[in-house]
Amino acid sequence: MPRLTLSLVVCSYNQAAYLRRTLESLIHQRNLAPGELEILVMDGGSTDGSVRIIEELAPHFTYWVTERDHGQTDALIKGFAKATGDIQGWLCSDDVLEPDAVREALDFFTAHPESRFVYGDAYFIDAHDRIVQRKREIPFNWFIWKYDYNYIPQPSAFWRRDLYLQVGGLDPSFDVAMDGDLFARFAVHSPPRHVARYWSRFRLQPDQKTQRRRQEHVAAHWRTCAAIGAGNNSRMWRGAAFFLAKSWRISWKLVSGCYFHGEAL
């Protein structure tokens, strides 16, 4: 059986404070044979010292560029266009991959050739790399995903390249929540699989786009839901569905033990 390869795209703009930690988490992935991981770094023309870090670590990358772009989604689209791996994923420049994540993801897809999209669990860390929350997840459920929120941890998600091509890749019209839109279109064609392993560390820090633009994320999520047949509902229905989805999710996590390791509700 041919050995699978994995491409990871790193998108970055003026994140020198965290970028080295992000890139080194990929460079130091464990138990990989040469060529199993390709790293593609897409920098948006940073002016804060990021380029010096990228140039220093460049021998470890398959491809890198620093140039003005049209934002994160545009950078990711360009990165995936360059990627050649059988499996794909992306990492924002303040997040971190666990040391065995790539090995475990590749082994999963090798052992489950029918699977096309998988996600693991994640730690939440602060600006100083301290773990502040453990995000243990439940299997994918459409109702919960639509009416509660996109609970798939983006840096812990991997998919087959042919699935990305099948759905047409990332939608350039999304500036936020582009991961949720992509994952929803993946899920229409291939049920996501959940692996109960910590694969990444998601950084909570003041300049994080998810934190700064929360309301835009909510609106983008509903746009995605409308496109897949959930969202054209009355405000009353949405409120009732949210209550049911949230209650179901919390109950499921309680029963499966997800909250027994320090995660807040």
message: Going residue by residue through segment 55-72, is there one that turns out to be buried (at least 22 other Cβ atoms within 10 Å of the Cβ) and closer than 27 Å to V167 by Cβ?
response: yes
- prompt: Inside segment 47-76, can you point out the residues that are at pLDDT 95 or above, under 22 Å from the mean Cα position of the chain (by Cα) and of a type outside the set (V, I, T)?
  reply: S50, H60, F61, Y63, W64, Q72, D74, A75, L76
query: Does any residue of segment 151-160 turn out to be surrounded by fewer than 21 Cβ atoms within 10 Å (Cβ to Cβ) and over 14 Å from the mean Cα position of the chain (by Cα)?
result: no
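Out of I125, I138, I131, I need the residue that is in contact with a helix residue (DSSP H, G or I) (Cβ under 7 Å, 6 or more places away or on another chain) and of a type in the set (A, V, I, L, M). Which one?
I138
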task: Select from segment 223-237 the residues that are of a type outside the set (V, I, T) and surrounded by 17 or more Cβ atoms within 10 Å (Cβ to Cβ) and write down the one among them that is modelled with the lowest pLDDT.
output: A230
- prompt: Which of (1) surrounded by 13 or more Cβ atoms within 10 Å (Cβ to Cβ); (2) modelled with pLDDT of 90 or more is the odd one out, the single condition G257 does not satisfy?
  reply: (1)
task: Have a look at S200, S173, S156 and point out the one that is more than 25 Å from R103 (Cβ to Cβ), among the hydroxyl-bearing types (S, T, Y) and modelled with pLDDT of 95 or more.
output: S173
Segment 101-145, residues that are within 29 Å of W248 (Cα to Cα), surrounded by fewer than 16 Cβ atoms within 10 Å (Cβ to Cβ), hydrophobic (A, V, I, L, M, F, W, C) and touching a strand residue (DSSP E or B) at 6+ places or on another chain (Cβ under 8 Å): I131, V132
statement: If we keep only residues of segment 22-61 that are assigned to a loop (DSSP other than H, G, I, E, B) and touching a Gly at 6+ places or on another chain (Cβ under 9 Å), then the residue farthest from T5 (Cα to Cα) is G44
message: For a quick check of your reading of the model, give me the residue pairs whose first member lies in segment 218-229 and is closer than 13 Å to A187 by Cα, whose second is charged (D, E, K, R), with beta-carbon atoms closer than 7 Å and at least 6 apart or on different chains.
response: T224/D181; C225/K146
query: So which residues in segment 74-96 are crowded, with 22+ Cβ neighbours inside 10 Å and in a helix (DSSP H, G or I)?
result: A75, L76, G79
message: Can you say whether V188 is within 19 Å of Y149 (Cβ to Cβ), surrounded by fewer than 20 Cβ atoms within 10 Å (Cβ to Cβ) and either in contact with a helix residue (DSSP H, G or I) (Cβ under 8 Å, 6 or more places away or on another chain) or in contact (Cβ under 8 Å) with a residue 40 or more places away in the chain (or both), as far as the supplied structure shows?
response: yes
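The values are calculated or read from the model by the stated rules, or taken from the named source; none is laboratory data. Since the structure is predicted, the reported quantities are computational estimates derived from the model, not experimental observations. With ideal geometry, Cβ positions are generated from the backbone for all residues, glycine too; neighbour counts draw on all protein chains shown.
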